[in-house]
Every structure is written in structure tokens, then in C-alpha cells.
Amino acid sequence: MTDIREALEHHIDTLAPTLVALRGEAEHLTAWGTHLADKLDGGARLLAAGNGGSAAEAQHLTAELVGRFEGERRAFSALSLHAESSSVTAISNDYGYDQVFARQVRGHARPGDIVFLLSTSGNSKNLLLAAEAARECGAVSWAITGEAPNPLVSVVDDHIALPGRSSNVQEAQLVAVHLICRAFDLRVAEIDAAAARPAARPLAEVAK
């Protein structure tokens, strides 16, 4: 049991430098969140993708945007490409798994949209091709990856690369997603206040 406890404590210890690096990206994440709010408020959409645990974090982001993060606000357009199960299996079967996201980006993305890619390695071919497809469509591509240099950071328009083990980077991705959402919500509140839009009613009132 002592060895197991020490392994867990070591895991927490190795997470700390990754979070310190993420803290250093606070201004970067603020810019992403506010820009995302401006774009989605103007009718753009977010397309997100990842593999494995990174897919879960990407889907977490889209759920927060379509649903809500903290407090009431309008719904916004955001899709997780890996969650489109029929498209994923059809494209994989017909074109190969490397094309599973790129094909969807070409189908959904429009100029001004944002394609958000998460990867702990930065090596996934399907994400590299998705970034290339985004550029072809006139969409902007962002990525959060593990330590740079890696192939994905070289093909996206903007990136945040975090040091650490794969599991620690994946954990930091969730924190990054929440920071983006917080900046997003604050910017949406500014936009709505400037437009004198009424705030969304609390859920308790809607249920009455």
C-alpha cells in the first residue's frame, strides 16, 4: 500500500509543473475565450476533436458552450466531431481513420469558424489532416498539445504546448477548457450588456 500511495503522490507532484506552465498561458487563454465569444456571437461555430481522453476534454468544451458553464447565458454552436458516431464509422470505413476529422471539417467548417484540436502527443495524423482541412476552408485552427516541438503545433494557426507526462497534460486540458469557458462567459456578458440584451432567465424561473 505504501508503494501505491507513493505512486499517487508522485502523480500529483508531476502535475504541478504542468499546471504552472498552464498558469503562464492565462493571457493566451483569455484571448482565446474572448475571441471565441466574439466569433460565435457573430454566427460562427466551434468544431472540436481529439482522440481518447483528449476527445472527452474536447467534448466537455462543446457541451459547456451549447449548454452552460456557470450562470445563465445564450446557447452557442459547437460540435464535437468525434461524437458523430455514424460519420466517424462511415468515414473510417470508407476513407480510413486518418480522414475521420478532416472529412467532417470540410463538410461543416466555414470561413471564420474555429477548429479546436486537443492532443497530448501532437502526433495524431487525423488531427494533422483536420488542421490542414481547416486552412483549406478558411477556418482558424487552435491546438492544446503536450510539449513542443511536435507536428500539430507546426500546422495550426495558434497553439498552447504544455510540458509533462501524457496523463498530466490531459488533466491540464480540462483546466484549460474551464478557463476558456470562464473568459467566454465574461465576454458574452459584456456583449449582451452593450446590446442591452436581457439576461437568460434562471432555470428555476423557466420551470415555473
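The values are calculated or read from the model by the stated rules, or taken from the named source; none is laboratory data. Quantities reported herein were computed from a predicted structural model and do not represent experimental measurements. So basically every Cβ, Gly included, is an ideal-geometry build from the backbone, and we count neighbours across all protein chains shown.
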Q: Can you confirm whether the range 90-112 contains a residue that is out of contact with any Leu (no Cβ under 8 Å at 6 or more places or on another chain) and closer than 23 Å to residue 19 by Cα?
A: no
Q: Return the total of residues in the range 73-105 being within 17 Å of residue 133 (Cβ to Cβ) and either buried (at least 16 other Cβ atoms within 10 Å of the Cβ) or of a type in the set (S, T, N, Q) (or both).
A: 17
Q: Kindly indicate whether residue 185 is within 16 Å of residue 28 (Cβ to Cβ) and either surrounded by fewer than 24 Cβ atoms within 10 Å (Cβ to Cβ) or among the polar types (S, T, N, Q) (or both).
A: no
**Q.** Restricting the range 47-72 to residues that are assigned to a helix (DSSP H, G or I), small (Gly, Ala, Ser) and touching a residue at least 24 places away in the same chain (Cβ under 8 Å), the residue that is surrounded by the most Cβ atoms within 10 Å (Cβ to Cβ)
**A.** 58
(Q) Can you confirm whether residue 54 is farther than 17 Å from residue 176 by Cα and out of contact with any Phe, Trp or Tyr (no Cβ under 6 Å at 6 or more places or on another chain)? (A) no
Q.
Can you pull out every residue in the range 14-31 that is of a type in the set (Val, Ile, Thr) and over 18 Å from the mean Cα position of the chain (by Cα)?
A. 14, 20
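Rundown of residues vs (1) of a type outside the set (A, V, I, L, M); (2) within 13 Å of the chain's Cα centre (by Cα), yes/no style:
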position	(1), (2)
108	yes, no
115	no, yes
134	no, no
138	yes, no
148	no, no
158	yes, yes
Q.
Looking at (1) outside any helix (DSSP H, G or I); (2) over 18 Å from residue 32 (Cβ atoms); (3) hydroxyl-bearing (Ser, Thr, Tyr), which one does residue 141 not meet, given that it meets all the others?
A. (2)
Q: Within the range 97-109, identify whether any single residue is more than 18 Å from residue 159 (Cα to Cα) and among the β-branched types (Val, Ile, Thr), and answer yes or no.
A: yes
**Q.** Residue pairs meeting the criteria (Cβ under 7 Å; at least 6 apart or on separate chains; first in contact (Cβ under 8 Å) with a residue 24 or more places away in the chain and within 19 Å of residue 109 (Cα to Cα), in the range 73-95; second in a strand (DSSP E or B) and of a type outside the set (A, V, I, L, M, F, W, C))
**A.** 82/50
(Q) Being modelled with pLDDT under 95 and polar (S, T, N, Q) narrows it down to one residue among 2, 89; which is it? (A) 2
Q.
Among (1) surrounded by fewer than 20 Cβ atoms within 10 Å (Cβ to Cβ); (2) within 18 Å of residue 78 (Cβ to Cβ); (3) in contact with a Pro (Cβ under 8 Å, 6 or more places away or on another chain), there is one condition residue 139 misses while meeting the rest; what is its number?
A. (1)
Q: Give the number of residues within the range 107-127 that are surrounded by 23 or more Cβ atoms within 10 Å (Cβ to Cβ) and outside any loop (DSSP other than H, G, I, E, B).
A: 7
